[in-house]
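Visitor: To start, I am sharing the structure in question, which I have written as structure tokens.
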Amino acid sequence: MKQIVKKTILDNGITILTDYMPHAYSVAVGAWVPRGSRHEAKDEYGLSHFYEHLVFKGTEKRNALEIARAIEDHGGNLEAYTTRQETGFYAQIERNQLPLAIDVIADMLMHPRMDKKEMEKERRVIIEEIHSYDDIPEEIVGDVFNAIHFKGCGIAHSITGNIKQVKALTHKQMLKYREQVINEIPLLVCASGKVDHNALVQLCAEKFREKKTTGTKPVDTYKANGGYKVVQKQDITQSNLFWGLSFDRSMLDERGRCALSLFNVAMGAGMASRLFQKIREDKGLAYSVYSTADIYCDCVDWGVSLATDPHQLKTALDLSLSETRNFLKHGFGKGEFERTKANILGSMYLGADSPEKRVVRMAEQLLHLGEFRTMDQSEKTIRSMTEEEVIETTNRLFHSAKFSVAVIEPAGRKKTKLDADFL
């Protein structure tokens, strides 16, 4: 699948990438700040996420309603998100409205008002958002896992911060963050669709003309720990489990990344996966069970998530561990390797129709991997992988990795004791 990708770096350090889709009617375009929750100091927890919210509340020339209408009145949508690694702002809009989308996004990042009254209103909104997560045990157990497994580095704390931390954030801190975005932190602009690269470069040079880059990307520090934690919570009936491990990114080159992807899809990415078939279909122990892999600039984690009856928790944990060990020992079953390759390639082909998926893929590869690999390059690597390479890579990665387990279970019962080992 041939992609036409172009790259330009402006004098002020902004990196611009375009992925040309000649038959697309829409364009997805956005700006990414390579700072997320992991880069926050202890008294700043939740700041990046709060900033993401607050730039929607008004700029020097648009109020919150005018920001929304600017894009939505043309049938488009304006999105933003904060992760542990970055904060992204992007729009999908009819291709002739690309200048408008860039104008709105640049306006939000270069000229946010950061009004004190709006900050207090949005603080209440974010607290309600945190309350909504508190009602989802699957969300909580992932944060508990991160807190114990990554203790000692920024990945450990939640993206939103807790209610006490959000209440403590000040207007002065928000103004300081605004200045860092404008004057210090590098910026990445990406676009996918029928977009003229040179025209976008000119637009960015004009709309981001106030941007200065006098600093560098925030420093990432990785630390992992082995451990177990069980938290009891009122008003839930199931036990929610997340177990996983992590390792340094230096252990993972491009072929290693593809090997991990093949392993992850085979283990827990879909209804045909091993964990789904074993734990849900064969044993009926869980409605939702899956595996997941997260790639950061400096580390990679892999884990398994499921929810089950509290009395079946240890059985489900043992089964998921046993199935993973079985793969590491015996590898793929008959026909499983080719089916897994087809799964990954088919998913990539389906996403290729979407400018939004392509622009997010491009931005996150640049931010997490430090390079962009076209779909053609990724396809060639996937097709060239061997079963033996996947088995050897996953065993090498997992053999010395730290292993942690987190559980959220119903209150009012004897707390579960865990003593499982991965290998």
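Visitor: Under a point-charge model restricted to the Cβ atoms of Lys and Arg (+1) and Asp and Glu (-1), what is the dipole moment magnitude of the stretch 227-410 relative to its Cα centre, in debye to the nearest 20?
Guide: That gives the stretch 227-410 a dipole magnitude of about 240 debye.
Visitor: Once you list every other residue whose beta carbon is under 11 Å from the beta carbon of residue 247, what net charge do they have if Lys and Arg are +1 and Asp and Glu are -1?
Guide: With Lys, Arg at +1 and Asp, Glu at -1, the neighbours total 0.
Visitor: Taking H placed 1.01 Å from N in the peptide plane, check which residues at least 5 places from residue 87 or on another chain put their amide H under 5 Å from its amide H.
Guide: Result for residue 87 returns 33, 35.
Visitor: Moving to a separate point now. Given R₀ = 45 Å, FRET efficiency for residue 389-residue 196 by Cβ-Cβ distance, to 0.05?
Guide: That gives a FRET efficiency of 0.65.
Visitor: Counting only C-alpha contacts under 8 Å and six or more residues apart, can you give the relative contact order of the chain as a whole percent?
Guide: Relative CO of the chain lands at 22 percent.
Visitor: Sort 248, 73 so that the residue with the fewest other Cβ atoms within 10 Å of its own Cβ comes first and the one with the most comes last.
Guide: 73, 248
Visitor: What is the angle, in °, between the Cα long axis of helix 355-369 and the longest principal axis of the Cα atoms in the chain? Nearest 10 is fine, range 0 to 90.
Guide: Roughly 70 degrees, rounded to the nearest 10.
Visitor: List residues of the stretch 282-315, by number, whose backbone nitrogen lies under 14 Å from a label position 7 Å along Cα→C-beta of residue 414.
Guide: Residues 311 qualify, since their backbone N sits under 14 Å from the label point.
Visitor: Computed over the Cα atoms, what is the radius of gyration of the chain divided by 2.2 N^0.38 Å, N being its residue count?
Guide: After normalising by residue count via 2.2 N^0.38 Å, the value is 1.02.
Visitor: Determine the distance separating the Cα centre of the stretch 49-69 from the Cα centre of the stretch 174-205; give it in Å without decimals.
Guide: Cα centroid to Cα centroid, the span is 17 Å.
Visitor: Something else: Hey, how many Å between the Cα centroid of the stretch 323-382 and the Cα centroid of the stretch 127-154?
Guide: Using only Cα atoms to place each centre, the spacing works out to 27 Å.
Visitor: Would you mind getting me the FRET efficiency between residue 377 and residue 219? Use the beta-carbon distance for r and R0 = 30 Å, nearest 0.05.
Guide: Computed FRET efficiency for residue 377 and residue 219 comes out at 0.55.
Visitor: For the stretch 309-315, just list the computed ³J(HN,Hα) in residue order, Karplus coefficients 6.51, -1.76 and 1.60, θ = phi - 60°, integers in Hz, with x standing in for Gly and Pro.
Guide: Per residue, the Karplus-derived 3J(HN,Hα) values read 4, x, 6, 9, 4, 5, 5 Hz.
Visitor: Can you compute the charge dipole magnitude of the chain about its Cα centre, using +1 on each Lys and Arg Cβ and -1 on each Asp and Glu Cβ, nothing else charged? Give it in debye, rounded to the nearest 20.
Guide: Once rounded to the nearest 20, the dipole reads 600 debye.
Visitor: Explain nothing, just the number: dipole magnitude of the stretch 4-207 about its Cα centre with +1 on each Lys and Arg Cβ and -1 on each Asp and Glu Cβ, in debye rounded to the nearest 20.
Guide: 480
Visitor: With each pseudo-label sitting 7 Å past Cα toward Cβ, what's the residue 209-residue 148 distance in nm, one decimal?
Guide: 5.6
Visitor: If you average the sequence gap of Cα pairs under 8 Å that are 6 or more apart and divide by the length of the stretch 227-410, what percent do you get for the contact order?
Guide: Relative contact order, the stretch 227-410: 42 percent.
Visitor: Also, quick follow-up: Could you calculate the FRET efficiency of residue 12 with residue 121 from 1/(1 + (r/R0)^6), where r is the beta carbon distance between them and R0 is 35 Å, rounded to 0.05?
Guide: 0.60
Visitor: Compute a Gaussian network model of the chain, connecting alpha carbons closer than 10 Å, and tell me which residue from 110, 271, 362 fluctuates the most.
Guide: Of 110, 271, 362, the most mobile in the Gaussian network model is 271.
Visitor: Relative to the longest principal axis of the chain, what angle (0 to 90°, nearest 10) does the C-alpha long axis of helix 197-207 take?
Guide: 70
Visitor: Once both axes come from the Cα atoms, what is the angle between helix 336-351 and the longest principal axis of the chain, in degrees from 0 to 90, rounded to 10?
Guide: Helix 336-351 and the main axis of the chain meet at about 20 degrees.
Visitor: With N set to the number of residues, divide the alpha-carbon radius of gyration of the stretch 227-410 by 2.2 N^0.38 Å and report two decimals.
Guide: Dividing the Cα Rg of the stretch 227-410 by 2.2 N^0.38 Å gives 1.07.
Visitor: Put one equal scatterer on each alpha carbon of the stretch 196-291, apply the Debye formula with no solvent term, and list log10 I(q)/I(0) at q = 0.12, 0.14 1/Å to two decimals.
Guide: -0.77, -0.86
Visitor: Identify the trypsin sites (Lys or Arg not before Pro) of the stretch 273-369 meeting these criteria: DSSP loop state and at most 14 other C-beta atoms within 10 Å of the C-beta.
Guide: Here the sparse-neighbourhood loop sites are 283, 334.
A short reminder: the numbers here are calculations on the coordinates, not readings from a lab. Treat the numbers as computed from the prediction; the structure is a model and nothing was measured. FYI the Cβ positions are ideal-geometry reconstructions off the backbone, even for glycines, and counts take in every protein chain you see.
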